[in-house]
Amino acid sequence: MNRPVTDTELTRAQKESGWSETRVRVLTSLWNAGISASECASLLGSVTRNAVISKVTRAGLAAPGRVHPKPCNGHAACPREKPARTSRARTPGPAPKRDEPLPPKIDDFAIPASQRRSLVQLTADCCHWPVGDPLEPDFFFCGAPARQGGPYCSGHHARAVEPRTGRRPIP
């Protein structure tokens, strides 16, 4: 199958369309002679470089030592080595550093009645933490002094916000 292509075969292949037997035979000879996909496409005419690459891959014409244009996904013509899997045990990262200790956990129903707020009584400087079922008459908001720049007091803020893990810098 490594015989050189004759001018007659090349002329016949140029006149045909699609991948006829003659065109495949000519492509095989050109490819095995080391001709590039672009040159094969221009010699055959009416096919693109990508069409030649696709036909070469499907036909299994990849010669040893010749580099594939891109890896093909498991075709028999170009077996692909799978990378060896390595198992690494995950180690926990460092514990997050805290500037201030966590405030004690708040028992929502132990909030003094004088501190409790209704929706109408809420202001920007009091805690907006809801307590209870909004459909029940004993529903209220915490009402304790809020942390600067936030809607909750220190205790409810600690419950609402997950601490940063230290991976990303604080903007």
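The values are calculated or read from the model by the stated rules, or taken from the named source; none is laboratory data. Computed from a predicted model, the values in this text were never measured in an experiment. Methodologically, a virtual Cβ is constructed for each residue, glycine included, from the backbone with ideal geometry; neighbour enumeration extends over all protein chains shown.
Summary of computed values
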{"item": "Complete set of residues in segment 1-11 that are loosely packed, with under 15 Cβ neighbours inside 10 Å and either at pLDDT 70 or above or in a helix (DSSP H, G or I) (or both)", "result": "Thr6, Asp7, Thr8, Thr11"}
{"item": "For Gly132: the one exception among (1) more than 40 Å from the chain's Cα centre (by Cα); (2) at pLDDT 90 or above; (3) under 17 Å from Ala160 (Cα atoms)", "result": "(2)"}
{"item": "Where a residue in segment 37-51 is surrounded by 17 or more Cβ atoms within 10 Å (Cβ to Cβ) and its partner, wherever it lies, is part of a helix (DSSP H, G or I) and of a type in the set (Lys, Arg), with Cβ under 6 Å and at least six apart", "result": "Ala37/Arg49; Ala41/Arg49"}
